[in-house]
Amino acid sequence: QVQLVESGGGLVQPGGSLRLSCAASGSIRSIYAMGWYRQAPGKQRDLVATITNSGTTNYADSVKGRFTISRDNVKNTVDLQMNTLKPVDTAVYYCNAHHVDGTSWGQGTQVTVSE
């Protein structure tokens, strides 16, 4: 199994930046892709960005040009740099890992963009 722990959420003003980090432990050699998803109150959980072991990235249209996903295969972490944040980015952000045994999720970290 794979365990994921997120950090880095918080409150930020519109136009500001935050960096989320997710640390993986357990059967990390079985991971072939990691990513970030978010869920706003009353809405479904949506993809934000993903990155494969080879570094191929994919972003939701709403965050392209503002968010950057990166991965450190030595430290077993995946980060999400979020710039030019908007109130609509407010959500609980979840780290995700796809591995040979299925999919694992972190506990989530709250990001609030507000004056």
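The values are calculated or read from the model by the stated rules, or taken from the named source; none is laboratory data. Note that the structure is a prediction, hence the values are computed from the model and not measured. Here the Cβ is made from the backbone with ideal geometry for all residues, glycine too, and neighbour counts use every protein chain on show. The area values use the complete protein model at the heavy-atom level, side chains included, leaving out ligands, DNA and RNA. Shrake-Rupley method; radii C 1.70, N 1.55, O 1.52, S 1.80 Å.
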Quick calc, the chain, dipole around Cα centre from Cβ unit charges on Lys, Arg (+) and Asp, Glu (-), nearest 20 debye, gives 80
Taking only Cα atoms of the chain, the Rg to Rh ratio with Kirkwood Rh works out at 0.96
For the stretch 102-111, take each phi angle, set θ = phi - 60°, evaluate the Karplus expression 6.51 cos²θ - 1.76 cosθ + 1.60, and give the result in whole Hz per residue in order, putting x for glycine and proline.
x, 10, 10, 10, x, 7, x, 9, 7, 10
At Asn73 and Leu47, where each label point lies 7 Å from the Cα along Cα→Cβ, what is the point-to-point distance in nanometres?
2.1
Using θ = phi - 60° and the Karplus relation 6.51 cos²θ - 1.76 cosθ + 1.60, list the HN-Hα couplings for the stretch 31-44 in order, rounded to whole Hz, with x at every Gly or Pro.
6, 10, 7, 9, x, 10, 10, 9, 9, 8, x, x, 10, 7
Once the other residues with Cβ under 15 Å from the Cβ of Tyr32 are scored (Lys, Arg +1; Asp, Glu -1), what is the net sum?
+1
Residues whose modelled amide H sits under 5 Å from the amide H of Ser27, counting only those 5 or more places away in sequence or on another chain, are Val2, Gln3
Karplus-derived 3J(HN,Hα), 6.51/-1.76/1.60, for each residue of the stretch 79-93, Hz, glycine and proline x:
10, 10, 8, 10, 10, 6, 5, 10, x, 5, 7, 4, 4, 8, 9
Can you give me the accessible area per residue for the chain, using a 1.4 Å probe, in Å²?
52
